[in-house]
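The values are calculated or read from the model by the stated rules, or taken from the named source; none is laboratory data. Keep in mind the model is a prediction, meaning the values are calculated, not measured. Cβ atoms come from the backbone with ideal geometry, glycine included; neighbour counts cover every protein chain shown. For accessibility, only protein heavy atoms count, side chains too; no ligands or nucleic acids. Shrake-Rupley method; radii C 1.70, N 1.55, O 1.52, S 1.80 Å.
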Amino acid sequence: MDSINIKKLAEALNLSTSTISRAFRDNSDINVATKERILAKAKELNYQPNHYASNLREQKSKTIAVIVPELANNYFSQAIHGIERVARENGYHILIYVTDDEYKKEVNFIRHLHNGRADGIIMSVSGEANDHNYLNKFGAKRLPLVFFDRIYEDIETPRVITNDYNSSFLATEHLIEQGCKRIAYLVVNKSLSIGKTRMQGYIDALAKHEVPFDEHLIVDCSNSYEENSVIIKEALTELKPDGVFTSVERLAFATYYACYDLKINIPTDLKVISFSSLEIAPLLNPSLTTITQPATEIGEESARLLFSILDNNEDKNTPNEVVLSSKIIARNSTSKG
């Protein structure tokens, strides 16, 4: 037989080409028996649907973009894994863009994506200190957008976040219960919404347990390992905390390295807890006590929110918010020794 196309397959089955097309798109409005008959005949005749041509006709790229501040953080890797799983189930691919926490990169990526490269965007933001109105300038043409983890409060769009305030409160309380009285809070950018929320949980837990608050114990760190090494060693030497709560994973590593160099024993001299989704946390020496976010689930929920807009034509500006819970996993880095 000559090369088979959708028209010839339709003729062989005495069906319309639109019915054939719906069967391959797995539409719910097609009879199961009819769908099975179509797929069986297609296999018999070695017919492969041209999804690319179909996407062009529908003006869909079948691609979603994922924009993250970094990839080195295990949390974002797991979130991307969750997004990719749901995208694949929906017949989509993902494109990953990394901003390195640079606002200009974020703006350029978003503008580039509005040229037809993707059908929707899932983003953890990087430029909270900047003007976010560039997103509103697209008007009705703005691509469906879902925020996760880091968000812009002034942009109305669906978002998936975790209970950061409560997690920080409980993390600080855990250190207090383990006997800590001078707890340093290490943060990369306390002006970020997520940084503010976590810091407030820390401050309120101190107040509840009548532990004096010392603003010097809030230590501003950076994205540079070299800079953090200097900052943290200086903080440990001058401030002499007996507990450290790090707001991001890489600061926990930097604290471990600093303690090793300064011959500070964890947990005897200093107890350490950190936000982290690191799977090898139990293997560190000592094993790291973590506030573990459900990173894969966050990615999955973000993708489901996006597909509810793409598939059901829901309002893309609806401020639908999903809040998931993190959990504290106590290990040796905060033990009473």
Selection status of residue 245, in contact (Cβ under 8 Å) with a residue 60 or more places away in the chain and outside the structural domain of residue 119 (by the TED database): yes
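Suppose the filter is closer than 30 Å to residue 231 by Cα, aromatic (Phe, Trp, Tyr) and crowded, with 22+ Cβ neighbours inside 10 Å; does residue 275 pass it? Give the steps one after another, and end with the answer.
On the way: closer than 30 Å to residue 231 by Cα: yes; aromatic (Phe, Trp, Tyr): yes; crowded, with 22+ Cβ neighbours inside 10 Å: yes.
In short, yes.
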Subset of the stretch 121-160 [charged (D, E, K, R) and part of a loop (DSSP other than H, G, I, E, B)]: 128, 131, 142, 149, 153, 154, 156
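Results for (1) at pLDDT below 95; (2) not basic (Lys, Arg), shown as yes or no for each residue.
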site	(1), (2)
233	no, no
239	no, yes
244	no, yes
256	no, yes
261	no, yes
278	yes, yes
287	no, yes
Pairs, first closer than 15 Å to residue 60 by Cα and assigned by the TED database to the domain that holds residue 307 in the stretch 83-96, second assigned to a strand (DSSP E or B) and open to solvent by 60 Å² or more (accessible area, probe 1.4 Å), C-beta under 9 Å, six or more apart: 87/93
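Modelled with pLDDT under 95 and of a type in the set (Lys, Arg): which single residue out of 271, 316 fits that description? Full working, then the answer.
Numbers: 271 fails: modelled with pLDDT under 95.
On inspection, the qualifying residue turns out to be 316.
I want to confirm something. Restricting to the stretch 90-120 and keeping residues that are part of a strand (DSSP E or B) and closer than 20 Å to residue 73 by Cα, which single residue is most open to solvent (accessible area, probe 1.4 Å)? Steps first, please.
If we filter the stretch 90-120 for residues that are part of a strand (DSSP E or B), which is where we start, we get 93-98, 120.
Then keep just the ones that are closer than 20 Å to residue 73 by Cα; that gives 94-98.
Numbers: 94: 39, 95: 50, 96: 83, 97: 30, 98: 38 Å².
This residue is 96.
So if I check each of 273, 264, which one is in a strand (DSSP E or B) and either more than 20 Å from residue 76 (Cα to Cα) or assigned by the TED database to the domain that holds residue 180 (or both)? Lay out the reasoning, then the answer.
Values: 264 fails: in a strand (DSSP E or B).
From the options 273, 264, the qualifying one is 273.
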Total residues in the stretch 203-239, condition more than 22 Å from residue 170 (Cα to Cα) and part of a loop (DSSP other than H, G, I, E, B): 4
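For residue 256, state whether it is out of contact with any His (no Cβ under 8 Å at 6 or more places or on another chain), assigned to a helix (DSSP H, G or I), hydroxyl-bearing (Ser, Thr, Tyr) and buried (at least 16 other Cβ atoms within 10 Å of the Cβ).
Working: out of contact with any His (no Cβ under 8 Å at 6 or more places or on another chain): yes; assigned to a helix (DSSP H, G or I): yes; hydroxyl-bearing (Ser, Thr, Tyr): yes; buried (at least 16 other Cβ atoms within 10 Å of the Cβ): yes.
Answer is yes for this residue.
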Pick from the stretch 178-202, criterion modelled with pLDDT of 95 or more and in a loop (DSSP other than H, G, I, E, B), ranking: most open to solvent (accessible area, probe 1.4 Å): 181
Residues located in the stretch 203-220, provided they are open to solvent by less than 50 Å² (accessible area, probe 1.4 Å), closer than 25 Å to residue 230 by Cβ and over 26 Å from the mean Cα position of the chain (by Cα): 214, 217
Residue within the stretch 198-214 that is hydrophobic (A, V, I, L, M, F, W, C) and over 24 Å from residue 327 (Cβ atoms) present: yes
Residue selected from the stretch 140-162 under the condition open to solvent by 20 Å² or more (accessible area, probe 1.4 Å) and closer than 14 Å to residue 111 by Cβ, by the criterion modelled with the lowest pLDDT: 141
Search result, residues across the stretch 230-249 that are surrounded by fewer than 19 Cβ atoms within 10 Å (Cβ to Cβ), touching a helix residue (DSSP H, G or I) at 6+ places or on another chain (Cβ under 6 Å) and among the polar types (S, T, N, Q): none
